[in-house]
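Notes to accompany the following structure.
Where a number appears in this text, it was derived from the coordinates with a stated rule and is not lab data. All values reported here derive from a predicted model rather than from experimental measurement. Methodologically, a virtual Cβ is constructed for each residue, glycine included, from the backbone with ideal geometry; neighbour enumeration extends over all protein chains shown.
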Amino acid sequence: MDVDARRIVFRAIPYGLHAIGVRRGEERNAFTANWVTQCSFEPPMLAVAVENDGASIAMIRESGVLSVNLFGADQRRAAARLARPAARAPRKLEEMQYRDGSTGAPVLLETLGYVECRIVAELPTGDHTLFVGEVVDAGVFREGAPLEIHAAGFTYGG
Ligand SMILES: Cc1cc2nc3c(=O)[nH]c(=O)nc-3n(C[C@H](O)[C@H](O)[C@H](O)COP(=O)(O)O)c2cc1C
């Protein structure tokens, strides 16, 4: 394989940026993710690829829920702050405004809107794990353009 070509193609894929809200008991966290996609119309489902060595993966496995919150184009700084690993920034969620959603997962109030998912499947995918969630709740907070990875000047992988 031409690794440079793969990197160029991977880095050109357009993605949105999302805050993934997670919960385990009274512990809450959120992290920035671009590897998010809808994967079913009916029932509505999403897939999210989650780092194997982050703090959030165990929280998702234990609670079986997560929220996907859509960053607005004006939230570049928030996306950068939530991209810090929880091991280095254990209270990063406290820097954001949030409430608990109907699943218990935190929902971020300054984003454009959110969906909440109950995890229905998990697939090992190399250094990440793909979680498939059925969407069980949703809300819109405000209108606006979403934050996109190239416009934000971020990269993840390649
Ligand atoms: C632009 C960008 C995109 C990211 N996308 C993902 C992603 O799709 N999945 C993921 O697990 N981590 C992603 N990360 C890393 C996370 O934000 C975070 O650092 C990591 O998951 C560990 O977080 P935690 O310790 O709070 O669980 C991304 C980071 C950046 C800067």
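Taking θ = phi - 60°, what integer Hz values does the Karplus form 6.51 cos²θ - 1.76 cosθ + 1.60 yield along region 147-158, in sequence order, with x for Gly and Pro?
Listing the rounded values in order: 6, 10, 4, 6, 4, 6, x, 9, 10, 8, x, x Hz.
Run through region 70-158 and list the GluC sites (Glu not before Pro) located in a DSSP loop whose Cβ has at most 13 other Cβ atoms within 10 Å.
Details: sites: GLU94, GLU95, GLU110, GLU116, GLU122, GLU134, GLU143, GLU148; in loops: GLU110, GLU143.
Answer by residue number: GLU143.
Can you give the FRET efficiency for TYR156 and GLU26, using 1/(1 + (r/R0)^6), R0 = 35 Å, r = Cβ-Cβ distance, to the nearest 0.05? Provide the component values of the computation, followed by the final result.
Numbers: r = 30 Å, r/R0 = 0.84.
That pair, TYR156 with GLU26, gives E of 0.75.
Which trypsin sites (Lys or Arg not before Pro) in region 56-147 sit in a loop by DSSP (not H, G, I, E or B) and have at most 14 other Cβ atoms within 10 Å of their own Cβ? Before the final figure, lay out the partial values.
Numbers: sites: ARG61, ARG76, ARG77, ARG81, ARG88, ARG91, LYS92, ARG99, ARG118, ARG142; in loops: ARG88, ARG91, ARG142.
Qualifying residues, ordered by number: ARG88, ARG91, ARG142.
Below 13 angstrom from the Cβ of ILE60, what's the summed charge of the other residues (Lys, Arg +1; Asp, Glu -1)?
Counting the neighbours of ILE60, the net charge comes to 0.
What list do you get for ASP137, ASP127, ASP100 if you sort them by fewest beta carbons within 10 Å? Write out the running numbers ahead of the final one.
Values: ASP137 16, ASP127 10, ASP100 13.
Lowest to highest Cβ neighbour count: ASP127, ASP100, ASP137.
What is the sum of charges, Lys and Arg at +1 and Asp and Glu at -1, for the other residues whose Cβ falls under 12 Å from the Cβ of ARG81?
+3
Each residue of region 13-28 in turn: what ³J(HN,Hα) in whole Hz from Karplus with 6.51, -1.76, 1.60 and θ = phi - 60°, glycine and Pro shown as x?
5, x, 10, x, 10, 9, 9, 9, x, 9, 8, 8, x, 8, 8, 10
Residue by residue through region 49-57, which ³J(HN,Hα) values in whole Hz follow from phi under the Karplus form 6.51 cos²θ - 1.76 cosθ + 1.60 (θ = phi - 60°), with glycine and proline marked x?
8, 10, 4, 5, 10, x, 7, 6, 4
Taking region 1-77, which GluC sites (Glu not before Pro) meet the DSSP loop condition and have no more than 16 other C-beta atoms within 10 Å? Please report the intermediate quantities before stating the final value.
Details: sites: GLU26, GLU27, GLU51, GLU62; in loops: GLU26.
Hits after loop and neighbour filter: GLU26.
Taking 0.36 nm per residue of sequence separation and subtracting the Cα-Cα distance, how much length would be gained by fully extending the chain between GLU62 and ALA80, in nm to one decimal?
Details: separation 18, 0.36 × 18 = 6.48 nm, distance 2.62 nm.
My answer for the length gained is 3.9 nm.
Around PHE141, under 12 Å between beta carbons, what's the net of Lys plus Arg minus Asp minus Glu among the other residues?
Once all neighbours under 12 Å are counted, the net charge is 0.
Rounded to the nearest 500, what is the chain's calculated 222 nm mean residue ellipticity when only DSSP H runs of at least 4 contribute -39500 (n - 2.57) each, over all residues? Each step should come with its number before you reach the end.
On the way: 4 runs with 29 residues, N = 158.
Result for the chain, helices only: -4500 deg cm²/dmol.
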